[in-house]
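Below: one structure, written as structure tokens.
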Amino acid sequence: MGKPVGVREVQKALNLSSPRLASYHLEKLEEAGLLKQTSQGFIVDKLVLENFVRLYRLLVPKYFLYFAFFAAAMLFQVILFKPFEITRDYLFSTTILAIATAYFGYETVVTFLKKEI
């Protein structure tokens, strides 16, 4: 996932007081399964927060943004753009919006419940 880094590189990059402190944190990350130690150094084993987006201090599943977009489009379609006479085109577009809203809503809930960090 990236190039291997050594203890001293981590110490300097994070401005830690000693290599032992950097080693301690690297060992904890390795125990958590986020890093793997190789002969060249430590390498990232798992992407962290790949399914989340940070909004200010809040972490939300990335699918939530798509869900919000399609839900808003669905509301506009049904409330503001409803024609006097229901046509086949209106039903088709409303169905597509409903399917997209349901899909991204489902993915949001699944991602949030997994807490796949």
Which residue is surrounded by the most Cβ atoms within 10 Å (Cβ to Cβ), if the candidates are limited to region 27-49 and must be at pLDDT 80 or above and among the basic types (Lys, Arg)? LYS36
LYS82, sole failed condition from (1) in contact with a helix residue (DSSP H, G or I) (Cβ under 8 Å, 6 or more places away or on another chain); (2) part of a helix (DSSP H, G or I): (2)
Filter result for the condition that a residue is within 29 Å of PRO4 (Cα to Cα) and aromatic (Phe, Trp, Tyr), over TYR24, TYR63: TYR24
If we keep only residues of region 50-68 that are surrounded by 18 or more Cβ atoms within 10 Å (Cβ to Cβ) and in a strand (DSSP E or B), then the residue modelled with the lowest pLDDT is PHE52
For region 10-26, which positions are surrounded by fewer than 14 Cβ atoms within 10 Å (Cβ to Cβ) and not in a loop (DSSP other than H, G, I, E, B)? LYS12, ALA13, LEU14, ARG20, TYR24
Within region 79-92, which residues are within 33 Å of the chain's Cα centre (by Cα) and of a type in the set (Val, Ile, Thr)? ILE79
Is it true that PHE76 is farther than 18 Å from PHE52 by Cα and under 30 Å from the mean Cα position of the chain (by Cα)? yes
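The values are calculated or read from the model by the stated rules, or taken from the named source; none is laboratory data. On a predicted model such as this, the values are computed, not experimentally measured, just so you know. Backbone-built Cβ (ideal geometry, glycine too); neighbour counts: all protein chains shown.
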